[in-house]
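The values are calculated or read from the model by the stated rules, or taken from the named source; none is laboratory data. None of the values given here were measured: they were computed from a predicted structure. Methodologically, a virtual Cβ is constructed for each residue, glycine included, from the backbone with ideal geometry; neighbour enumeration extends over all protein chains shown. Ligands, DNA and RNA are stripped out before the accessible areas are found, and what is left, the full protein with its side chains, is counted by its heavy atoms. Shrake-Rupley method; radii C 1.70, N 1.55, O 1.52, S 1.80 Å.
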Amino acid sequence: VQLQASGGGLVQAGGSLRLSCAASGRTFTTGWFRQAPGKEHEFVAAISRGAGGTSYADSVKGRFTISRDNANSLMYLQMNSLRPEDTAVYYCAARDRLGGDYAYWGQGTQVTVSS
């Protein structure tokens with residue numbers, strides 16, 4: 001499975017962006033992670049394939065919404081009320097089986113939020 005993330009860019013604080021992730025094949029739970037300069041890789045949000053259950057990092061709850069279109073192997077991250085601390089490279093990832101590890105990763109897309 002190959003993943004391709006897109007949609008990053010430069011936005012002012014309080015603005016919005018929507019990230020997209022296209023998968024080349026069938027995926028199980030998929031998610032978004034991010035890494036800011038000098039910081040560790042951080043979980044952002046995840047969504048299951050079947051019931052579409054979601055989970056979010058506390059830092060983005062109420063501002064970000066994850067969704068997926070299984071028919072077209074797409075996943076999205078709608079990011080609203082962006083803050084400078086959301087600046088990072090965002091990666092989409094997918095588990096290789098039910099309950100498995102995030103084995104597949106996209107190349108990352110840069111999100112920069114100016115104050």
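Structure values in brief
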{"quantity": "Count of residues meeting criterion [within 20 Å of residue 88 (Cα to Cα) and part of a strand (DSSP E or B)] in segment 38-60", "calculated": "7"}
{"quantity": "Segment 81-95: number of residues that are open to solvent by less than 60 Å² (accessible area, probe 1.4 Å) and either modelled with pLDDT under 95 or out of contact with any His (no Cβ under 9 Å at 6 or more places or on another chain) (or both)", "calculated": "10"}
{"quantity": "Subset of segment 47-80 that is within 18 Å of residue 7 (Cβ to Cβ) and aliphatic (A, V, I, L, M) - its residue that is most open to solvent (accessible area, probe 1.4 Å)", "calculated": "74"}
{"quantity": "Subset of segment 63-88 [in contact (Cβ under 8 Å) with a residue 40 or more places away in the chain, over 23 Å from residue 28 (Cβ atoms) and touching a Ser or Thr at 6+ places or on another chain (Cβ under 7 Å)]", "calculated": "79, 80, 82, 84, 87"}
{"quantity": "Segment 6-37 - residue that is loosely packed, with under 14 Cβ neighbours inside 10 Å and free of Cβ contacts under 8 Å to residues at least 60 places away in the same chain and, of those, nearest to residue 95 (Cα to Cα)", "calculated": "26"}
